[in-house]
Amino acid sequence: MSVEQRPAPAVTEPRSPGVAAGEPRWPMASAVIAAIVLTILLPKDVRAGPPWLLPTLEGLLLIALVLGDPGAIDRRSATLRALAIGLVGLLVFDALWSTAWLVKDLIHGGALTTSASALLDAGMLVWVSNNIAFSLLYWQIDGGGPAERLHHRRKHPELAFPQDVNPGLAPAGWRPVFVDYLYLAFTNATAFSPTDVMPLVPWAKIAMTVQSTVSLIVLGLVIARAVNVLA
């Protein structure tokens, strides 16, 4: 009498101890909330649309992202990716719109140009908003975004961090997180050029060029005009 052969039970491969978890959501969410607050604080002369419009849209997109992938960012989804790109696009549009209208006021004269303190306040809000928006842009585009970078190690980085060039500077499996891109954005805005992170692909070179140009224009025109008003 033959013994009935039963299939062996499926074995679940344990997760390797060296595999990193997804980066936490809260740094990115905090940056978006900060950008929303800055938009609300902007003078009406340089704000895009009603004061509630863009902050409401950005807030709804952020809520959708948090609900779709709460906690650590580790879920790859075309829908979540589209929502994230839409959120970043709105933030960049908001920042560049405010920059354009601030420059217009500086060149042609406006309510902000009569007060040095109001002008410096508006200039700082616009400058910080641009840096936050571009940090989120770099973070979301580089290597397909945070979820994609988690699941696929970057063999050919689009933005080369020092740890990419010299792996001995970081633990095995290192990958950039949001704070690295935030640092990139602020150093690019103050040095007006790459510092320790090198753009290797066209989109990164264009984005960093636009950001450094915007920063140079805002800082140069705002400070010059404020000094002129004080004099």
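The values are calculated or read from the model by the stated rules, or taken from the named source; none is laboratory data. Bear in mind that the values here come from a model prediction, so they are computed numbers and not experimental data. Counting neighbours? That spans all protein chains shown, and the Cβs are built from the backbone with ideal geometry, glycine included.
For segment 182-231, which positions are among the small types (Gly, Ala, Ser) and assigned to a helix (DSSP H, G or I)?
Ala185, Ala189, Ala191, Ala204, Ala207, Ser212, Ser215, Gly220, Ala224, Ala226
Within segment 205-223, the set of residues being under 16 Å from Trp139 (Cα atoms) and buried (at least 22 other Cβ atoms within 10 Å of the Cβ) comprises Met208, Gln211. Just checking, does segment 207-218 include any residue being out of contact with any Ser or Thr (no Cβ under 6 Å at 6 or more places or on another chain), at pLDDT 85 or above and more than 29 Å from Leu62 (Cα to Cα)? Checking segment 207-218: at least one residue is out of contact with any Ser or Thr (no Cβ under 6 Å at 6 or more places or on another chain), at pLDDT 85 or above and more than 29 Å from Leu62 (Cα to Cα). Filtering segment 107-122 to residues that are closer than 19 Å to Leu41 by Cβ and either at pLDDT 75 or above or touching a helix residue (DSSP H, G or I) at 6+ places or on another chain (Cβ under 7 Å) (or both) leaves Leu112, Thr113, Ser115, Ala116, Ser117, Ala118, Leu119, Leu120, Asp121, Ala122.
One residue stands out in segment 108-117 among those that are in a helix (DSSP H, G or I) and free of Cβ contacts under 8 Å to residues at least 12 places away in the same chain: the one that is surrounded by the most Cβ atoms within 10 Å (Cβ to Cβ), namely Ser117.
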